[in-house]
Amino acid sequence: MSSMMATHEGGFSRINMNRAGLWLFFVSEGFMFAGLLATRFALLPGTRPDLDQTVGLIVTSILLLSSFFMYRAETAIAHGDRSTFVISTFLTMVLGVVFLVGVVGFEWLPSEFGPSDGASGSVFFALTGMHAFHVLTGVIFLFVIFTNGLRGVYTAESHWGVEACALYWHFVDVVWVFFYVSLYLVGRVA
């Protein structure tokens, strides 16, 4: 019995260390994103890039909806509902890809300015590019937990990977809310 308890305690300790590591990662990422936001306000005080407000609202809504499905997926697996977990994870992944297509296809490509066209271009492409990279890595993470979910890897008792993915996805969504407000809503059009 004592070896079983040692294994359980070792697993519990490892999960706690994983959680602490993930939160330290979020702190470091938070500093990076805060630096990008500070740069935005330093380079464009009182102004903002001339962006398509409709596209901004649509992609933001898509990302927020994806957060709902990620929450649903995590809750489902925590209650042992593998079917809802797989469906919700798939929907989250699809919505993440739709968000990326929206930003790249409907904001970047038709944009009348580029990354080298002054402060507005630099700020816009730096913020949205860094965020898009994080969404892309989140979609890859989602694909991993989706395929693991199809294979039955996660249970109600053991689903740390899903929890980590959900925390990452929600973090990236919260970052976008700040970026959306600072790029699309705050200041007059430059």
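Please treat every number below as a calculation from the coordinates, not as lab data. All figures in this text were calculated on a predicted structure; none of them were measured in a lab. Using ideal geometry, Cβ is built from the backbone for each residue, glycine included, and neighbour counts are taken over all protein chains shown.
Each 10 Å bin, from zero up to the one with the longest distance, holds this percent of the alpha carbon pairs of segment 79-170: 16, 39, 22, 15, 7, 0.
Dividing the convex hull volume of the alpha-carbon atoms in segment 26-189 by its residue count gives 95 Å³ per residue. For segment 92-137 versus segment 18-65, the inter-centroid distance based on Cα atoms is 11 Å. Averaging the sequence gap over all C-alpha pairs within less than 8 Å and six or more residues apart, then dividing by the number of residues, gives segment 26-189 a relative contact order of 38 percent. For the peptides 120-132, 103-115, the ranking by mean Cβ contacts within 10 Å, running from highest to lowest, is 120-132, 103-115. Under the membrane-span-like helix rule (DSSP H runs whose alpha carbons stretch at least 27 Å along the helix axis, mean Kyte-Doolittle hydropathy 1.0 or higher), the chain yields 53-78, 82-103, 118-150, 160-180.
Pairs of Cα atoms in segment 123-187 fall into 10 Å distance bins, from 0 up to the last occupied one, in shares of 20, 40, 23, 13, 4 percent.
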